[in-house]
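Some notes on the structure that comes next.
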Amino acid sequence: MSDATAPDDVESDHDHEHHHHRGPGYATPQAAIEESEREKLAYVMSLYAGTDVDEPDFVAVVDLDPDSETYCEIVDRVEMPNRGDELHHFGWNACSSSCHVEGLERRHLIVPGQRSSRIHVVDTKERRNPELVEVIEPEEVFEYDLSAPHTVHCVPEGKIIISMLGDADGDLPGGFLELNDEFEIEGRWDPPGEIEMNYDYWYQPRQNVMVSTEWAAPKTYYPGFDLEDVEDGKYGRRLHFWDWEDGTVEQTIDLGEEGLIPLEVRFLHTPESTHGFVGTALSSNMFHFWEDRETGEYRAEKAIEFDAREHPDWDMPVPPLTTDILISMDDRYLFGSNWLHGEVWMYDISDPSNPRRADSLSVGGHFGEIQELQGRELTAGPQMLQLSLDGERLYWTTSLFSTWDDQFYPEEAERGSVMLKADVDPRKGTLELDEDFLVDFGECPAGPARAHEIRWPDGDCTSDVWQ
Amino acid sequence: MATHDVTLEWPNDPTRTVAVDADETVLQAAERAGEALPYGCRTGACGTCVGRLLEVDGGAAADDRTDEERTVDVDDAFAYRRAPRALKPRHRDDGYVLLCVATPEADCRIAVGSQIQSELVDNPWK
């Protein structure tokens, strides 16, 4: 069932405009759980950037239908026109934030090149055989004194906003680039100078708030992770809370030494909530943030911490490096990955100020109990996560960023990434590795590929926002 | 127009020599010659295309990366059309050069391939 036909099944008597569901996505987060079918395909960012494989990066189409003969196989590859893009994160032209906009479809994937600053548009009308339809060349992006595109969110009325981590020189400040519904650059979304560092963002329109995080200047993180740059203050540790309508920063919170490198940031899905979480990757802490209703100011507090571990082959304790997090569509669980340790975990966040560890899996990475699946060595730990809309299947890939992979898991370049899956019981709060599921990106015809962000054709737990 | 011969050395592969014109970068000349070098941003910000200078004009090399034995500075051997922002001073001292923005000013030999990039940073905890 496509998004375009979904509304016929969900006629609503509610008079609230957001329930007149004529466009893409779902009327509410709960509707996404109830109405979605099991994900049968995944789109996965796949890359050769930074290796000697003389091929462009590609969007992999992975078969997730257990009844299919090609289950767990890459059934199509949409190759980019150039080499060296470093495909990384991507997003849709439209999601549930436009669910009341008739005629708009969730159909086009916006696929940026993190290194190249080239922005691709892929038409997924044929879900198993998507097609590259538009390319915005880096020179067009540089004209707005921006580079290094990262997070893509669609915003109501068909607009697309992309977080940009650097200026045209790969230095600071970054900002946000806005595309129109014809996939042309509309301009800069934010007035220059609101922020210096940028990374991920999420918006909660009913609360008129957007939150953005900080990695570093592209010229700092592109070549690899240098601890001296942390000591020199070249990595981020702040959260920026924006006035969503005005596009201006209203409040900045410095997370301090315990909040180094805040990366993925998620508001709860319910549009009523001002609560959210951010994973500070280097400090390996989860911060909970929320609006203090008395003062109208946002507050952030460390809510979960993960400890470094001694490793016989390492001189210093190994930090977990909590590189990705996501919130289940029912807002009950926070999932996350400890990339260096080799762990995925789920915490009960039904009381967001007091997360409660529900379960975890020790797999891959430098400490994982499971180091091999179906005879395939796993090497790197769990990294980018994606959860089924019903919250019952968690998938992940293992590449972080080509240059950082080379530092911490050099084998990833030689063997390629894997995509793995765990079955989740959201009633019992448990995770179980599905040992029958393995997608081996090491088997790609041109050579072993890295795999990064994952999306489903009908929206997922990190794509959709509700007005 | 001055053209310089640049010999590209991959590990475990035959070396290739390409003639680099004064108005092009090493990366552009390699592409013209059908030699695939790694690259990313093509503006000098990301370091994916980095090579390591081994020898200039048959003279001394940065090969062993000890200052005493080097006689040619990498910054004298190349003209940059944009600043090599991805490189720190220590990288430039060690002979690293960003091939996407560098034009040679002498014949030289350069170690190339994706493993050169991974020499720029170590695992800081291991």
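The values are calculated or read from the model by the stated rules, or taken from the named source; none is laboratory data. As the structure is a computational prediction, the values presented were derived from the model and not from experiment. A quick note on method: Cβ atoms are made from the backbone with ideal geometry, for glycine too, and the neighbour counts reach across all protein chains shown.
Residue-level check: of (1) without any contact (Cβ under 8 Å) to a residue 12 or more places away in the chain; (2) closer than 23 Å to A:Gly368 by Cβ, A:Ala451 misses just (1).
The rows are residues; the columns are (1) within 14 Å of chain B (Cβ to nearest Cβ); (2) touching a His at 6+ places or on another chain (Cβ under 8 Å).
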site: A:Thr248; (1), (2): no, no
site: A:Glu257; (1), (2): no, no
site: A:Ser273; (1), (2): no, no
site: A:Val278; (1), (2): no, no
site: A:Ala303; (1), (2): no, yes
site: A:Ala308; (1), (2): yes, no
site: A:Asp313; (1), (2): yes, no
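Would you check which residues across segment A:75-106 are aliphatic (A, V, I, L, M), surrounded by fewer than 21 Cβ atoms within 10 Å (Cβ to Cβ) and within 15 Å of A:Trp456 (Cα to Cα) and list them? Correct list: A:Val75 only. Residues in segment A:215-229 that are within 7 Å of chain B (Cβ to nearest Cβ) and closer than 14 Å to B:Arg85 by Cα: A:Pro218, A:Lys219, A:Tyr222, A:Pro223, A:Gly224. Residues in segment B:85-100 that are within 25 Å of B:Glu35 (Cβ to Cβ) and either free of Cβ contacts under 8 Å to residues at least 24 places away in the same chain or within 11 Å of chain A (Cβ to nearest Cβ) (or both): B:Arg85, B:Ala86, B:Leu87, B:His91, B:Arg92, B:Tyr96, B:Leu98, B:Cys100.
Residue count for segment A:278-332, restricted to those that are in contact with a helix residue (DSSP H, G or I) (Cβ under 8 Å, 6 or more places away or on another chain) and modelled with pLDDT under 95: 0. The single residue among B:Asp122, B:Asp75, B:Asp64, B:Asp57 that is within 13 Å of chain A (Cβ to nearest Cβ) and at pLDDT below 95 turns out to be B:Asp122.
Among the residues of segment A:182-235, just one is small (Gly, Ala, Ser), in contact with a Ser or Thr (Cβ under 7 Å, 6 or more places away or on another chain) and farther than 19 Å from B:Gly47 by Cα, namely A:Ser212. For segment A:44-80, what are the residues that are touching a residue at least 24 places away in the same chain (Cβ under 8 Å) and within 14 Å of another protein chain (Cβ to nearest Cβ)? Correct list: A:Leu47, A:Tyr48, A:Ala49, A:Gly50, A:Thr51, A:Val53, A:Asp54, A:Glu55, A:Pro56, A:Asp57, A:Met80.
Scanning segment A:139-172 for residues that are part of a loop (DSSP other than H, G, I, E, B) and either within 13 Å of chain B (Cβ to nearest Cβ) or among the acidic types (Asp, Glu) (or both) returns A:Glu143, A:Asp145, A:Leu146, A:Asp167, A:Ala168, A:Asp169, A:Gly170, A:Asp171, A:Leu172.
Is one or more of the residues making up segment A:127-134 closer than 27 Å to A:Leu263 by Cα and either touching a residue at least 24 places away in the same chain (Cβ under 8 Å) or within 21 Å of the chain's Cα centre (by Cα) (or both)? I'd like the intermediate steps shown before the answer.
Our first condition is that a residue be closer than 27 Å to A:Leu263 by Cα; within segment A:127-134, this holds for none.
The answer is no; no qualifying residue exists.
Scanning segment A:174-184 for residues that are touching a Leu at 6+ places or on another chain (Cβ under 9 Å) and not in a strand (DSSP E or B) yields A:Gly174, A:Asp181. Residue count for segment A:408-467 satisfying the condition of being touching a helix residue (DSSP H, G or I) at 6+ places or on another chain (Cβ under 7 Å) and within 30 Å of A:Val209 (Cβ to Cβ): 5. Got at least one residue in segment A:283-297 being in contact (Cβ under 8 Å) with a residue 12 or more places away in the chain and outside any strand (DSSP E or B)? Yes; the residues of segment A:283-297 include at least one that is in contact (Cβ under 8 Å) with a residue 12 or more places away in the chain and outside any strand (DSSP E or B).
Could you please give the count of residues in segment A:315-333 that are more than 8 Å from every other protein chain (Cβ to nearest Cβ) and either part of a loop (DSSP other than H, G, I, E, B) or surrounded by fewer than 20 Cβ atoms within 10 Å (Cβ to Cβ) (or both)? Outline the logic, then answer.
Quick first cut of segment A:315-333, residues more than 8 Å from every other protein chain (Cβ to nearest Cβ) only: A:320-333.
From what is left, the residues that are either part of a loop (DSSP other than H, G, I, E, B) or surrounded by fewer than 20 Cβ atoms within 10 Å (Cβ to Cβ) (or both) are A:320-321, A:328-332.
So the answer is 7.
Which of the residues spanning segment A:282-314 are over 26 Å from the mean Cα position of the chain (by Cα) and surrounded by 13 or more Cβ atoms within 10 Å (Cβ to Cβ)?
Kept after step one, since they are over 26 Å from the mean Cα position of the chain (by Cα), are these residues of segment A:282-314: A:292-297, A:309-314.
Within segment A:282-314, A:Arg309, A:His311, A:Trp314 qualify.
Restricting A:Gly193, A:Gly187 to residues that are more than 18 Å from the chain's Cα centre (by Cα), in a strand (DSSP E or B) and either surrounded by fewer than 18 Cβ atoms within 10 Å (Cβ to Cβ) or not charged (D, E, K, R) (or both) narrows the list to A:Gly187. Filtering B:Thr48, B:Thr43, B:Thr7 for residues that are in contact with a strand residue (DSSP E or B) (Cβ under 6 Å, 6 or more places away or on another chain) and either modelled with pLDDT of 95 or more or buried (at least 18 other Cβ atoms within 10 Å of the Cβ) (or both) leaves a single hit, B:Thr7. Among the residues of segment B:23-49, those identified as more than 21 Å from A:Phe142 (Cβ to Cβ) and of a type in the set (A, V, I, L, M) are B:Val26, B:Ala29, B:Ala30, B:Ala33, B:Ala36, B:Leu37. Residues that are of a type outside the set (Val, Ile, Thr) and within 14 Å of chain A (Cβ to nearest Cβ) within segment B:101-119 comprise B:Ala111, B:Gly113, B:Ser114, B:Gln115, B:Gln117, B:Ser118, B:Glu119, listed in sequence order.
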